[in-house]
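Peer 1: Have a look at this one.
Read-outs: derived from the displayed coordinates by stated rules, not from any lab. Please read these numbers as outputs of a predicted model, since none were measured by experiment. All Cβ positions, glycine included, derive from the backbone under ideal geometry; neighbour counts span all protein chains shown.
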Amino acid sequence: MYNWNIIGHKKQLELIEEDIKNGRVSHAYLFTGPSSVGKFAIAKMMVNIMQCPNNLCRTCPTCIQLQKGSHADTVVLDDDGESIKIEQIRDIIARLNMTAQANYKILLIKKAERLTPEAANCLLKTLEEPPPDTVIILTTNNIREILPTIISRARLIKFTGYSEKFLYEKLKPLYPDLEDDVIAQVCSLAIGKSGKAIKLLNDANLLASYRTMYNILCEFLEDKPVYSKFKAISDVIENGTENEFLDVFSYLVRNRLYKGLESGKNETAVTENKHFVNLLKEIEETKKLLKRNINMRLALENLALKATL
């Protein structure tokens, strides 16, 4: 029904449109899935559709206010890297309890895992007894960090990444002037994340940095001197590219694992495959540690030490 300007997620969009069309909008939604797959963009579009009195005309005062982030009955908490405190939630709930001028009173939170335990419990009370015409939409990259009681009170919509082939087929028509091998490489580097792929295709400098990081990380899997690996870690920390570092590392290890699985089941291949599986687990564990504000240098250096077979 609408031009969502999103790659994929057909079933999820159909569910959302059916809810709106049939007047079955839930008092709470939880969009869950990997980062950079379009969850937050879809949530913002959903808010605009629900609030516009003219079926998403994009030109009325409501649409203009939503675009500027100044709509009185819509609160959007974008990801600013900070945790969401109970005082913020209390203030927002008080605002949502006021008389609405629009179709709904809406709270949209990006990366709801940023809620402190106190803030999450405060929000839970509103989910248990929601004010009339109030809708709360949460997005999360890690549903395991969301209170089970919040999950049970929201309409859960799951989003996933896509295969390299699917992304390539969708992106090629959008970038007809780019060489096929560039688009194919970006689809691999994006690890199934459409938002990441588009960002790389639109930013030549970012793509160049990913390629450089890939070449550096290839040496991590070889028996290179430890000091050279630690020097690379220092550069990553200095440039603030630890997330990109871990994404590219994950991509590289997955590629090596896939090639190993295709090569057969000789003793060498089996040993290497076990190493790559364990290394992928170490990368994911390192991502979790960094979210908990563990010493970044120690976490990345420890990962580097475990990289060589």
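Peer 1: Would you mention how many residues in the range 210-245 are under 26 Å from Asn278 (Cα atoms) and surrounded by fewer than 17 Cβ atoms within 10 Å (Cβ to Cβ)?
Peer 2: From the range 210-245, those under 26 Å from Asn278 (Cα atoms) are 210-237, 240-245; that's our starting set.
Narrowing further to those that are surrounded by fewer than 17 Cβ atoms within 10 Å (Cβ to Cβ): 211-212, 215, 218-219, 222-228, 230-231, 234-235, 237, 240, 243.
Residues that pass the stated criteria total 19.
Peer 1: Still on this structure, please answer the following. Could you figure out which of (1) exposed (fewer than 15 other Cβ atoms within 10 Å of the Cβ); (2) within 23 Å of Ser35 (Cα to Cα); (3) of a type in the set (A, V, I, L, M) isn't true of Val248?
Peer 2: Answer for Val248: the failing condition is (1).
Peer 1: Of the residues Ile216, Ile198, Ile191, which single one is under 11 Å from Val248 (Cα atoms), outside any loop (DSSP other than H, G, I, E, B) and in contact (Cβ under 8 Å) with a residue 12 or more places away in the chain?
Peer 2: Being under 11 Å from Val248 (Cα atoms), outside any loop (DSSP other than H, G, I, E, B) and in contact (Cβ under 8 Å) with a residue 12 or more places away in the chain holds for just one of Ile216, Ile198, Ile191, which is Ile216.
Peer 1: Which condition number does Asp203 fail, the rest of (1) surrounded by fewer than 14 Cβ atoms within 10 Å (Cβ to Cβ); (2) of a type in the set (D, E, K, R); (3) closer than 30 Å to His27 by Cα being met?
Peer 2: (3)
Peer 1: Still on this structure, I have one more. Would you check if Lys158 is among the charged types (D, E, K, R), surrounded by fewer than 17 Cβ atoms within 10 Å (Cβ to Cβ) and in contact with a strand residue (DSSP E or B) (Cβ under 6 Å, 6 or more places away or on another chain)?
Peer 2: Considered against the rule, which asks whether it is among the charged types (D, E, K, R), surrounded by fewer than 17 Cβ atoms within 10 Å (Cβ to Cβ) and in contact with a strand residue (DSSP E or B) (Cβ under 6 Å, 6 or more places away or on another chain), Lys158 comes out as yes.
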